[in-house]
Structure formats: C-alpha cells, structure tokens
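First the structure, in the form of structure tokens, and then the observations on it.
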Amino acid sequence: MRQSNSDSVTGRGTQDHDYYPVHLMGVIQSHGVLIALEENTLTILQVSQNSQDYLGVAPQALLGCSLSVLLQAASIEQLRQSLRACTDRPGYQLLSVTVSGKLESFDSFVHLANGQIVLELEPADERTGAELLSIQNTVAQGATRLRKIKDMTAFLQGAVEALQTLSGYERVMIYQFDAKQAGSVVAEVKPADEPSYLGLHYPATDIPALVRQLYQTGIQRFIPDLSAPQVGLIAAEHPLTKTPLDLSQSILRGVDACCIEYHQNMNVAAFWVVALVKDNQLWGLMTGHHQTAKPLAYPVRSACELLGQLVAAELGSKVNEDEVRYLTKLKAIQSDFVASIAAAEDFKQALIHPEPRLLDLVNAKGAAVCLDQDVTLVGKTPSLEQVQSLIDWALTTVHDGLFHTDCLSKQYPAALAFKTVASGVVILKISPLRRYLIFWFRPEVLQTVNWAGDPQSSVSKTDSGRVVFSPRTSFEQWQETVVATALPWQAAELENAEDLKSAIVGIVLNKADELAQINLDLERSNRELDSFAYAASHDLKEPLRGITNFANILIRRHGSDLDETGINRLKTLVRLAQRMDALIDALLRFSRLGQTELNQQPTDLELLLQAVIEVLTVSHLDGTGETDGTPQIKIPRRLPTVTCDSMLISEVFSNLISNALKYTDKPCPLIEIGYLTVDEWQRSSPNDEVPAAGSIAGPIFYVKDDGLGIHARHFQNIFRLFKRLHERDAYGGGTGVGLTLTQKIIERHGGHIWVTSTYGKGSEFYFLLR
C-alpha cells in the first residue's frame, strides 16, 4: 500500500495531494525512447535507459554526444522545423534514425521543456496507404454522422461507438466533470458480459487537480501495456540545473504504481484517454479500456484525438431537447416578469405578486425579498427570524452578486434547522450598498448516488492518524443516500437570476431618469406658481383695502341712515375683508419662502428663543395687563449655536409655541423646549416616520405641550396649507398656515419636521436642520 495520486480517469488522489508531481516522476513507458537535448547545440543531456533496444547504442555512450550521431542533417533540419511549428503541444514528424548503421523509421514527437528539447521516438507502424486511407475514411464517416445528431445524449453515445470502431478497444466511455470536479460516466459501449459503469459517479479525488491540468494541455494519454516495465532516465536530473525533467507534455510519460494497481483491479491491461476541452475548460474525458495489452499505432491514436477534438467542438451546439424546452419556458417567465416590474408603481408588490412568477423564475419553492429592513416571505420558507439571521450571514459572507448552493448547511450550519424547506438557496445581491437581496429556496430531496464502488473504501488511517489511500478493489455499484441537499440549480436558472438583477438595475435607472425629469418639471411649475401667487396676492390686496375703507366710511358717515341689520352686514363685510387680507398675507409669506435666498449664519438659538418667548408673553397679556393664566415654559438646557436663517427659524419657534399656547384647555399651560443629541435620540426609540438615525447630522429640537393633543389620523393634515382641525373662530381663530410655513422653512434648511401626540394629553413637535 502506498500513498499516491493517479493520472488516469479512475485513479485515486486526495485534496491534500492534488499537486503530487506525476510529471516529475523521471520514468517513461517502455514502448519508446526519450532523449533530452541542449536547445542550441543539440547535445544529448539525458536519455532513457532503453536506448540500446531501439537505437542500438547504450545510454552512457549517447550522453554528451551531438544528435548527429543518430540523425542525418536533413532529419535534424526537419526536426528543427517541427519544433518551430509546435506551440503548446509536441510536434510530430516521421524521422529516419540511424540504428546500427541502418536507417529506420520512427514516429517522433518533439517539444520544449524548461529550455530543453525533448525528443520521443516510437518505431513507426508499417501501414499501407490503403490502411491509412481506411482510418481517414472511418474518422470522416464518424464525424459526418455525429454532426447530424442534435440530442446531446445520442451524440455522446454515437461518439463512443465511433471511437470503439476506430480503436478496437473493448470498452469506451465518456466521463463528464461536474461543478465540483467530480464526475460520472455519461456514455458507454462495452462487452455484453462486462458490468456497466454508465451513470456511476467518481469523486473529484480520482483525478487530482494537477492531472486535470495535464489533460487540458496534453489532450491525449496512451498506456498500451500496464504490466510492461517502466524505464528510467540517465541522468535522472539535468546535469547543470540538477532538476528532474518536466514530462508534462511527454507522450511516453510513465504511469504511477497506484494507477496501475487500480486499473488492474478493474481487469484493465491497457487504456487511452482523450481530453474534451470546451471553452478552454476541461469538460470531460473519453477513455478506452482493454483487458489485454493493446498497442495503438500513431495514425490510430491521432485519429482518436481528431475525433475527440470534433466531439469537444460540437459540445456547444448539441442540446438536450428537454433542456431547450425548459430554457424557453424560463425565458418566457422572465420576460413577462420583468415587463410587469417595469410597469408597476410598487416595486416590492410587483416582485412578490402573484407569487408563482418569482418562484417559477428559478423553479424554487420559496423566496424571501429583503428591501432594507422590510423582509417579505413567499411560498415555503424558513421562519422570519431564521431568514433574518440568514440575511445577516449573507451580507458578511457573500461578496459576489450571485451565490448558490444545493447544500446550504455545509457553509451555514444553522441551515440544518430548516433543511426540509431550504437545503438549497440562491442569493441575489441587487445592491452593493443597501440591504436589497432576493433569496430563493429549495427543499431537501433525499437523493441516491450510484458510485463505482464505495468512494471511502480506499481511505484509511495509520496509528499516528496519517491518512493513507490505496486503490479500490471493487467497482460494483455502491449506493449512497445524500441528505440536507436540494436538487442542483441549473445554469439556465442561475442565468435567469442574474438577468433579473440586470433588469432591476435598468428599471431603477429608467425610473430615476423619469423622476429627475418630473422633479425638473415640478421645480419649474413651483417657481411659476410662486411667482403667480406673489403677483396675485399683491394685486388682490389693493381692492380689499378699498372694500374695507368704503365699508368703514359707510358705517361712519351713513350709519344713521341704516337700520341695525344693515350696520351688522357692513361690519361682517369688514371682518370678511380683513380675514381675506390675513389669508393673502399668509399666501404672500408662503410664496416668498420659495423665492428668496436663505441668509444663513451662525445663530445662538438660546438668545433667539428668549426673544421669541418675550414677544409671545407680551402678546399673551389681556387688556388689563394681567395674564390669561401664566404659561410655564421650561428649557432643560441651553440651546446650541447652529447655522441657519435666524429670521425664519425665529418664525418656526414662534409658530410652534403659539400653537402650544392656543390649543390648550389648561389655565396655566406647560411647554417644554429643548433638543436631543443623536445618541440620545437613538436610545429614545424614534417614531417610524422619522429619518433613520444614520442620516441625522445634528441636534433634534422639540417643542412639547400638555394641550389638546391631535388624533394620529391628522398628523399629516396639520401641515397642509389653510388646514384647521377646529372651527374657524375656535381657539382664537387663525388662517391655518402657521404649520405649513413652519414645515417649508425647515425643508428649506434641508431638515424635517414631524409630530407625535396623544389626544387629550398633549403633543410633541420635533424638527432637525442640516
């Protein structure tokens, strides 16, 4: 038993040994000879120990000699041309080599490896032109037949049948990698009396990462006789660099002992592998197995490789008809879904209603939509508390725009608690700055995986705890039940999720453009309305003054000619004109707020407030100089200095305190005026209508009273222009414009005002400035 990795489709390896240097083993297979040359002088630096068998010269006799002892000048030039033509793979030439004074034909393969020329020679197969033409026709016919097959399953099956005909190997299979680099046999042709490997799975450790990389660059691997002795190199290392020869691209590279034992346990004596590379990624492998040693001449191997390249090239155009229908269905759902979102007024409602659209988009059973602190659950999902914890995990763990897994508990162990509804999840991060995410859930599906033998049977531990691997001895179907795992997400489903993000971003940008245009139009309309209001109000005051003056003249000069009813009607006319004048004054003040620039400067609000209180206290005296119940005004601490328009902020305090004095049923009303810092505000559990604490940049001012209070349904109405909650003349009357002006002044300062109140107990007005 030895710890090792393999370089075959069914060898064993471990994640810890993914990079076991199989390319630096220093041995080759015995069906050819290898020579390493100095690049410029073609001096022989290393040679395989079997040179006597093929070249008639002992290896020690070749070291330090020029290649000209074996090749004539024309062949050397031919070799150099081949070397110049090859890129990342060995170049091929049919060479004449001097062996014991006679010229013999060899299939030669040449490439560069770390500044050395690696020349590999195999005795050329003496085939007639008719035989070579037959091989060529077999490839051409197979390629024509395969190109006509549209269905992927039938295409792959046709490929293994063509390869078996071409190679003559008893069993030919196609092995496909999955996203985790494990894989399964997806096509097979075999002797009738042999067990089938079709549909069986192999763990990722069967083909270590380095070996997969070698396949991707080397395309083909050929081992004609696993029982043949392997041949070392003389010298084992480069004479100057003292490093092993890199055999990554070597045609003759040796085979690891673990791989040999593994295949012999499968009753395999010879095999070949052709890599299937799609879009520069290793998609899978084509492999042939034979129960006895079976050489393949280079023309046949080349034909197998050519057919493999055709298969790889055609993979992108072959489809599974069921997959095409499913993809078409998903695209139709997506198109309809995106159109409905674009047309909707409410973004969240468009996402979640009707429910099946969001779920069908990726074929999920449940979903959660997170828009900042608002989380909406759709279909079968974990509890709201569990989803909120999952959101917190995703925000700190998921950094890409799209995350998906069919076994969430592997990365998020808490998911075991809700595996029955959410073993699989797709997480779509819509915004990198805000908590905008969509989660799709799939429930646990107990799955049976058919393995080619127990994947753990080759793993054991020594007394010291060291993990040791040995080749499996059984490849009979071994079933494993997989738990806490959902059906895997298909590429088309994940693409739909990605496209949804792009569509949402596009829709939001379009909405932003529309909103910006609306704001521009609204701003222009507001300016025009302010100008109109100012002009109209100014022009209306002149006739009102005339009405008031003439009505007073009539009362004064002709009062004796009128009865009591006439006098009362004239007095009513004067009162109405005066009320109209007050309303026009209010409208003028309101319109001027939108037209004048703010005169902002550092202002001591403590001094400003004292001046406001002094004026209001005087105006609260009755005609005898006695107060109508002295108000108690409390200021818990000195107000700070802020940058503002002092005249306008003075009006804000005046309006709020006046209302507190006016709307009360207490003989001695209690009013408190002060402010809270951001930290104090955050600890006081702010009202839901208030901006988030993170957006507050300064103190939050307040005016509290113990007056009549306001019903919650009127919280927004009180800020409307000319809106009063009481009869026109109740509580001293008024125009209903004070709070509207207050709100506009604060908004002109970039701030916000809001109210909390308990009816019958009092109100608290809060505002902040920026």
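The values are calculated or read from the model by the stated rules, or taken from the named source; none is laboratory data. Please read these numbers as outputs of a predicted model, since none were measured by experiment. Counting neighbours? That spans all protein chains shown, and the Cβs are built from the backbone with ideal geometry, glycine included. Quick note on the areas: whole protein, heavy atoms, side chains included, nothing else; ligands and nucleic acids left out. Shrake-Rupley method; radii C 1.70, N 1.55, O 1.52, S 1.80 Å.
Of all residues in the stretch 63-77, those that are farther than 15 Å from GLY101 by Cβ have Cβ atoms under 6 Å from Cβ atoms of residues that are open to solvent by less than 80 Å² (accessible area, probe 1.4 Å) and modelled with pLDDT under 90, 6 or more apart or on another chain, in SER75/LEU95; SER75/SER96. Does ARG728 satisfy the condition of being over 15 Å from LEU656 (Cβ atoms), in a loop (DSSP other than H, G, I, E, B) and modelled with pLDDT of 75 or more? No. Once the stretch 91-111 is narrowed to residues that are touching a Gly at 6+ places or on another chain (Cβ under 8 Å) and surrounded by fewer than 21 Cβ atoms within 10 Å (Cβ to Cβ), the residue that is nearest to THR217 (Cα to Cα) is VAL99. Only a single criterion out of (1) open to solvent by less than 30 Å² (accessible area, probe 1.4 Å); (2) in contact with a Ser or Thr (Cβ under 9 Å, 6 or more places away or on another chain); (3) at pLDDT 80 or above; (4) of a type in the set (Gly, Ala, Ser) is not satisfied by GLY566, namely (2).
I'd like the residue in the stretch 1-50 that is closer than 16 Å to ILE251 by Cα and at pLDDT below 80 and, out of all such residues, is most open to solvent (accessible area, probe 1.4 Å). If we take residues in the stretch 1-50 being closer than 16 Å to ILE251 by Cα and at pLDDT below 80, then HIS23 is most open to solvent (accessible area, probe 1.4 Å). Confirm whether PRO224 is open to solvent by less than 30 Å² (accessible area, probe 1.4 Å), farther than 21 Å from VAL185 by Cβ and out of contact with any Gly (no Cβ under 9 Å at 6 or more places or on another chain). When the stated conditions are applied, PRO224 passes them.
Conditions tested, residue by residue: (1) farther than 22 Å from ILE657 by Cβ; (2) at pLDDT 70 or above.
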| site | (1), (2) |
| --- | --- |
| VAL574 | yes, yes |
| GLN578 | yes, no |
| GLU614 | no, yes |
| LEU621 | no, no |
| LEU639 | no, yes |
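Within the span defined as the stretch 714-722, one or more residues are modelled with pLDDT under 80, of a type in the set (A, V, I, L, M), outside any strand (DSSP E or B) and open to solvent by less than 20 Å² (accessible area, probe 1.4 Å). Of all residues being over 15 Å from PRO21 (Cβ atoms) and touching a residue at least 60 places away in the same chain (Cβ under 8 Å) in the stretch 242-259, which is surrounded by the most Cβ atoms within 10 Å (Cβ to Cβ)? Just the residue, please. Among those residues, the one meeting the criterion is ILE251. Scanning the stretch 491-505 for residues that are in contact (Cβ under 8 Å) with a residue 24 or more places away in the chain and either in contact with a Cys (Cβ under 7 Å, 6 or more places away or on another chain) or open to solvent by 30 Å² or more (accessible area, probe 1.4 Å) (or both) returns GLU498, ASP499, LYS501, VAL505.
Looking across the stretch 227-241 at every residue that is at pLDDT 80 or above and of a type in the set (Val, Ile, Thr), the one that is surrounded by the most Cβ atoms within 10 Å (Cβ to Cβ) is identified as VAL231. Residues in the stretch 310-329: is at least one assigned to a loop (DSSP other than H, G, I, E, B) and among the aliphatic types (A, V, I, L, M)? Yes, there is a match, as at least one residue in the stretch 310-329 is assigned to a loop (DSSP other than H, G, I, E, B) and among the aliphatic types (A, V, I, L, M). Condition (residue is open to solvent by less than 60 Å² (accessible area, probe 1.4 Å), under 22 Å from LEU741 (Cα atoms) and modelled with pLDDT of 90 or more) applied to the stretch 591-598: is it met by at least one residue? No, that holds for no residue.
Only a single item in (1) in contact with a Cys (Cβ under 9 Å, 6 or more places away or on another chain); (2) of a type outside the set (Lys, Arg); (3) surrounded by fewer than 18 Cβ atoms within 10 Å (Cβ to Cβ) is not met by SER167, and it is number (3).
Looking at this structure, is LEU608 at negative phi, at pLDDT below 85, part of a helix (DSSP H, G or I) and open to solvent by less than 40 Å² (accessible area, probe 1.4 Å)? Answer is no for this residue.
Here is the figure for the stretch 177-197: residues that are crowded, with 16+ Cβ neighbours inside 10 Å and either among the β-branched types (Val, Ile, Thr) or at pLDDT below 90 (or both) total 9.
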